[in-house]
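First the structure, in the form of structure tokens, and then the observations on it.
The values are calculated or read from the model by the stated rules, or taken from the named source; none is laboratory data. This structure is a prediction, so every number in the text was calculated from the model and none was measured. Because the Cβ atoms are built from the backbone with ideal geometry, glycine has one as well, and the counts that use them run over all protein chains shown. When the accessible area is computed, the model is the full protein with side chains, heavy atoms only, and any ligands, DNA or RNA have been set aside. Shrake-Rupley method; radii C 1.70, N 1.55, O 1.52, S 1.80 Å.
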Amino acid sequence: MTQTISTETQIALLTAGLAAMQREVDENKEEADAKLNTATKQIAALEDERNKALKWGVMTLGSAVLGMAYWIVEKIAGGHIK
């Protein structure tokens with residue numbers, strides 16, 4: 001003995017299933033948006049840290065080059081190197 005489901009019941013079941021799927025999609029979207037927000041903030045922090053490190057490196061290298069240039073000029077001007 002097989003039962004037949006009326007068209008109205010089938011439509012109601014499909015509508016309920018669609019609503020459940022839509023809620024799940026919305027929840028997944030909110031979760032993905034939150035993860036994207038977190039990742040964006042982390043990337044911004046890493047870029048800021050990179051820029052600070054580059055600035056520090058350039059300043060350190062620049063001061064080393066200036067110190068070496070001063071030392072060379074002092075040696076030449078002082079008569080140590082002819």
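Quick notes on this one:
- The stretch 32-70, residues that are over 15 Å from the mean Cα position of the chain (by Cα) and open to solvent by 100 Å² or more (accessible area, probe 1.4 Å): Lys52, Leu54, Lys55, Trp56, Val58, Met59, Leu61, Leu66, Met68, Tyr70
This table checks each residue for (1) at pLDDT 95 or above; (2) in contact with a Ser or Thr (Cβ under 7 Å, 6 or more places away or on another chain); (3) in a helix (DSSP H, G or I).
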{"position": "Thr2", "(1), (2), (3)": "no, no, no"}
{"position": "Ile5", "(1), (2), (3)": "no, no, no"}
{"position": "Gln10", "(1), (2), (3)": "no, no, yes"}
{"position": "Val25", "(1), (2), (3)": "yes, no, yes"}
{"position": "Lys29", "(1), (2), (3)": "yes, no, yes"}
{"position": "Asp48", "(1), (2), (3)": "yes, no, yes"}
{"position": "Ala64", "(1), (2), (3)": "yes, no, yes"}
{"position": "Val73", "(1), (2), (3)": "no, no, yes"}
{"position": "Gly79", "(1), (2), (3)": "no, no, no"}
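- Total residues in the stretch 72-82 satisfying the condition of being surrounded by fewer than 10 Cβ atoms within 10 Å (Cβ to Cβ) and of a type in the set (A, V, I, L, M, F, W, C): the figure is 2.
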